[in-house]
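Chemist: Can you read through this structure? Questions will come right after.
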């Protein structure tokens, strides 16, 4: 069954297909998902399976892009295999690449942008600048966090130019302009609804900024700054541990790069800017080139790892700061972390990556095959399996009234039954006369607005969707206690005990939004 958000995205795509109407609304992110999903609906019909096809395809296509990075010399064979395995077996990657949300689109376009930039600075060909522009434009048309990716890449690119590690070609300005024009054109096409709403080009970007800055301040789905670290520990522990070791080994080896032995042992390009010809403590091989594209494989890999560490750290810090804490944003931190985790992976015993992969397989099976309606933060407001019972009642009824407060995912699953069979209304308290006077077979209300009973109907309560919140486990940040206060460390100890117990048992409170279903009495014959 669709997640709450998936049902909304699928319905908007179906509406675009059937009516041709779409207007950008930052609440529901960028337009690309809706256009590509509408396109796949037109080819294969609309269904949950078809709606998830493009996310699954893009998730799978990330792996061949890892191979391209290997072919360019930035990853060795072992690193490529292990990175591909981590991406293929990661519970977060698997879950969200079978999920009709924008984040797997962003992840694919991030990888495509990275590959295009690496190819461009290897070969200086216009086609790679155009590919980078297309990736950036499609990513910007998918979700509002793509500027974070472009900003991180851009900052590091400026650093490399400043340090002389990459060289701009003679006609770099032409290539840059062509890429920007292509990206801008793609964005204009999608955000204007293929030209139907050109006014969005003037107001859409400001609406997006206003909406998401307000969401950040509101912290509607908030959490402590270390929320994603907890999720990494829950689902991606081997990647987190290996990434921490990778950073340590990277820093350690960098300290040894001022000697010939350090260069050969560390696989790092030495920093020569501070050295003079009279520095007898540093003997540098004159044959070592400075441009990254001319480096041998081990040095190239070290430079790539340095970039991935920068990318990972910036991502973890930024998403930890952003007020909206949702599990799918973990993907944008996980991707660079995987590349950091495979640094020097060939130095480990063979069982280390094998054990890491086994852990990910176990966690993936846990996420995919455990019973529904459990306390898993990865699902974030999943529709409950109770809905299947309610669907059976709707199927058996001829005239159904559903409050708008609980209309999703009914709007998607009964898209062809409105308004003939299904009626939606805004709240029972204000529209009770409408509900009671239309002889509905079935009435579905939010439990917060429903009456104790309706004459002639049997009432049952069902869970509509459910969620797990880190607030149920970690309470110290909101307790008002500060370090040094009496009871502070006791509260921290309780939080750690709760986290440890939950990690092993997944036993925690699950909140839910409930609905009351009123079914008309059928007199016995």
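No lab work stands behind these numbers, since they all come straight from the coordinates. Just so it is clear, the structure is predicted and the values come from calculations on it, not from any experiment. Positions of Cβ are generated from backbone atoms using ideal geometry, with glycine treated the same way; all protein chains shown enter the neighbour counts.
Chemist: Give me the angle, in degrees from 0 to 90, between the Cα long axis of helix 351-369 and the longest principal axis of the Cα atoms of the chain, rounded to the nearest 10.
Modeler: The angle comes out near 10 degrees.
Chemist: Please give, to one decimal in nm, the separation of the simple spin-label points placed at residue 423 and residue 176, each 7 Å out from Cα toward the Cβ.
Modeler: Taking the two extended label points, one gets 6.3 nm.
Chemist: Give me the angle, in degrees from 0 to 90, between the Cα long axis of helix 103-123 and the longest principal axis of the Cα atoms of the chain, rounded to the nearest 10.
Modeler: So the helix axis and the longest Cα principal axis differ by about 20 degrees.
Chemist: Taking the Cα centroid of segment 93-107 and of segment 40-63, what is the distance between the two, rounded to the nearest whole Å?
Modeler: Answer, in whole Å: 11.
Chemist: Could you work out [θ]222 nm for the chain from helices alone, using -39500 (n - 2.57) per DSSP H run of at least four and dividing by all its residues? Round to the nearest 500 deg cm²/dmol. It would help to have the intermediate numbers written out before the result.
Modeler: Numbers: 21 runs with 293 residues, N = 525.
Taking each H run of at least 4 residues, the total per residue is -18000 deg cm²/dmol.
Chemist: May I pose another question? Please compute the Kirkwood hydrodynamic radius of segment 132-192 from all pairs of different C-alpha atoms, in Å with one decimal.
Modeler: On the way: mean 1/r = 0.0797 Å⁻¹.
Every distinct Cα pair counted, the radius reaches 12.5 Å.
Chemist: Which shape class, rounded, prolate or oblate, goes with segment 296-356 when its Cα gyration tensor gives a ≥ b ≥ c as root eigenvalues, a/c under 1.5 marks rounded, and past that a/b bigger than b/c marks prolate?
Modeler: oblate
Chemist: How do the peptides 428-435, 399-406, 355-362 rank, highest first, by the average count of neighbouring beta carbon atoms within 10 Å per residue?
Modeler: Working: 428-435: 13.9, 399-406: 20.0, 355-362: 17.0.
The peptides rank, most packed first, as 399-406, 355-362, 428-435.
Chemist: Let me ask something else about it. Report Rg(Cα)/(2.2 N^0.38 Å) for segment 52-174, keeping two decimals.
Modeler: 1.11
Chemist: Also, quick follow-up: What are the equivalent ellipsoid semi-axes of segment 397-486, built from the alpha-carbon gyration tensor (square roots of five times its eigenvalues), in whole angstrom, biggest first? The partial results should precede the final answer.
Modeler: Values: eigenvalues 308, 51, 24 Å².
After diagonalising the Cα gyration tensor, the semi-axes are 39, 16, 11 Å.
Chemist: How fast does segment 106-222 diffuse by Stokes-Einstein, in µm²/s, taking the Kirkwood radius from C-alpha pairs at 10 °C and 1.306 mPa s? Before the final figure, lay out each step's value.
Modeler: Numbers: Rh = 15.5 Å.
The Stokes-Einstein estimate is 102 µm²/s.
Chemist: Using the C-alpha atoms of segment 332-453, what convex hull volume per residue, in cubic angstrom, is computed?
Modeler: Values: hull volume 19.7 nm³, N = 122.
In segment 332-453, the Cα convex hull volume per residue is 162 Å³.
Chemist: Another question, then. Bin by bin, in steps of 10 Å, what percent of the Cα pairs in segment 432-525 do you find, going until the bin that has the longest distance?
Modeler: Histogramming segment 432-525 at 10 Å steps yields 13, 28, 18, 16, 15, 8, 1, 0 percent.
Chemist: Over the Cα atoms of segment 204-247, compute the convex hull volume and normalise it per residue, giving Å³. It would help to have the intermediate numbers written out before the result.
Modeler: Values: hull volume 5.3 nm³, N = 44.
Once divided by residue count, the hull of segment 204-247 is 120 Å³.
Chemist: What order do you get for 36-44, 377-385 when each peptide is scored by the mean count of other beta carbon atoms within 10 Å, highest first? Working shown, then result.
Modeler: Numbers: 36-44: 16.4, 377-385: 19.7.
Those peptides, ordered most packed to least, come out 377-385, 36-44.
Chemist: Continuing with this model, one more query. Output the relative contact order of segment 1-132, whole-number percent, from Cα pairs under 8 angstrom with separation of 6+ residues. Display every interim value, and only then the final one.
Modeler: Numbers: 125 pairs, mean separation 32.5, N = 132.
Dividing the mean separation by the residue count of segment 1-132 yields 25 percent.
Chemist: Return the whole-Å distance between the Cα centroid of segment 13-27 and the Cα centroid of segment 471-498.
Modeler: 46 Å
Chemist: I need the Debye-formula profile for the chain: one equal scatterer per C-alpha, no solvent, reported as log10 I(q)/I(0) at q = 0.09, 0.10 1/Å, two decimals.
Modeler: -0.77, -0.92
Chemist: Still on this structure: Using only the alpha carbons, work out the radius of gyration and Dmax of segment 1-50 in angstrom.
Modeler: Computed over the Cα atoms of segment 1-50, radius of gyration and Dmax are 10.2, 28 Å.
Chemist: OK, next. Hey, what's the Cα Rg ratio for segment 409-459 versus the globular rule of thumb, 2.2 N^0.38 Å? Spell out each step's value before the answer.
Modeler: Details: Rg = 11.5 Å, N = 51, 2.2 N^0.38 = 9.8 Å.
For segment 409-459, the normalised Cα radius of gyration comes out at 1.18.
Chemist: So for segment 378-525: antiparallel DSSP bridges make up what percent, rounded to the nearest 5? Can you show the working numbers first?
Modeler: Working: 17 of 24 bridges.
Rounded to the nearest five, the antiparallel share is 70 percent.
Chemist: Can you give the Rg and Dmax of segment 164-215 based on its C-alpha atoms, in angstrom?
Modeler: According to the Cα coordinates of segment 164-215, Rg and Dmax are 16.0, 46 Å.
Chemist: Could you work out how far helix 297-321 tilts from the main Cα principal axis of the chain, as a 0 to 90 degree angle to the nearest 10?
Modeler: Once rounded, the angle reads 40 degrees.
Chemist: Here's something else I'd like to know. Rounded to two decimals, what is the ratio between the C-alpha radius of gyration of segment 1-118 and 2.2 N^0.38 Å?
Modeler: Dividing the Cα Rg of segment 1-118 by 2.2 N^0.38 Å gives 1.19.
Chemist: Of all DSSP beta bridges located in the chain, what percent are antiparallel, nearest 5? All intermediate terms of the calculation are to be shown ahead of the outcome.
Modeler: On the way: 17 of 24 bridges.
The answer is about 70 percent antiparallel.
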